[in-house]
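This report concerns only the one structure given below.
The values are calculated or read from the model by the stated rules, or taken from the named source; none is laboratory data. A quick note: this is a predicted structure, and the numbers were derived from the prediction, not measured. As a convention, Cβ positions derive from the backbone with ideal geometry for all residues, glycine included, and neighbour counts pool all protein chains shown.
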Amino acid sequence: MHFKVNPTGCGERKGLVEVRYDLYLDPDDYGYADHYVIVPDLPKEGYQGKDDPDAYEKWLKSLPTVSRVNPFCCHFVQFEDPDVTDEDILKRGDEVLAMAYRNWQEGNLRANKNPRVKFSSDPARISACQTRAEAVKTTDFAALDAARMKVK
């Protein structure tokens, strides 16, 4: 199993730094086959035809396919500290992954819970959280995680 920080889900939320973790299964993990999918390889320009459902279906079926693994869970975590470190984000990702995988095996992803946090409407804190969230979006967490694993 592994996780990726997904920058599309990172931002400031109610005076907190919000981070989105996409959680993936490895081939030998329980339920991997459910998330290994074959899908059309959509071109960047997308569908250029007319608004005709039959034509769209024909176009879709004509495309080459690619295989990929979808996340088994996407989980959002809010950090109160606008100075949350990259290491803290990685550590929390490990914790989220362990929790979600356990709940996934039990068929109960709804059991995924975060610790309680305190929201803030303080403009200075909101600004600091926005700044940190923007930095999170541009951080290469995969590289940081790889470096961290070499140290362990």
Residue that is surrounded by fewer than 16 Cβ atoms within 10 Å (Cβ to Cβ), touching a His at 6+ places or on another chain (Cβ under 9 Å) and at pLDDT below 95, where the choices are D26, D34, D52: D26
Being assigned by TED's automatic domain parsing to the domain that holds D122, more than 19 Å from R132 (Cα to Cα), free of Cβ contacts under 8 Å to residues at least 40 places away in the same chain and not in a helix (DSSP H, G or I) narrows it down to one residue among D22, D26, D51; which is it? D26
Reported set for the range 110-152 where residues are touching a residue at least 40 places away in the same chain (Cβ under 8 Å) and under 18 Å from the mean Cα position of the chain (by Cα) is R132, A133, V136, K137, T138, T139, F141, A142, L144, D145
Being assigned to a loop (DSSP other than H, G, I, E, B), of a type outside the set (A, V, I, L, M, F, W, C) and surrounded by 11 or more Cβ atoms within 10 Å (Cβ to Cβ) is the filter here; which residues of the range 86-121 pass it? N112, N114, S120
Output yes when any residue across the range 76-94 is touching a strand residue (DSSP E or B) at 6+ places or on another chain (Cβ under 6 Å) and either without any contact (Cβ under 8 Å) to a residue 40 or more places away in the chain or over 17 Å from A133 (Cβ atoms) (or both), and no when none is. no
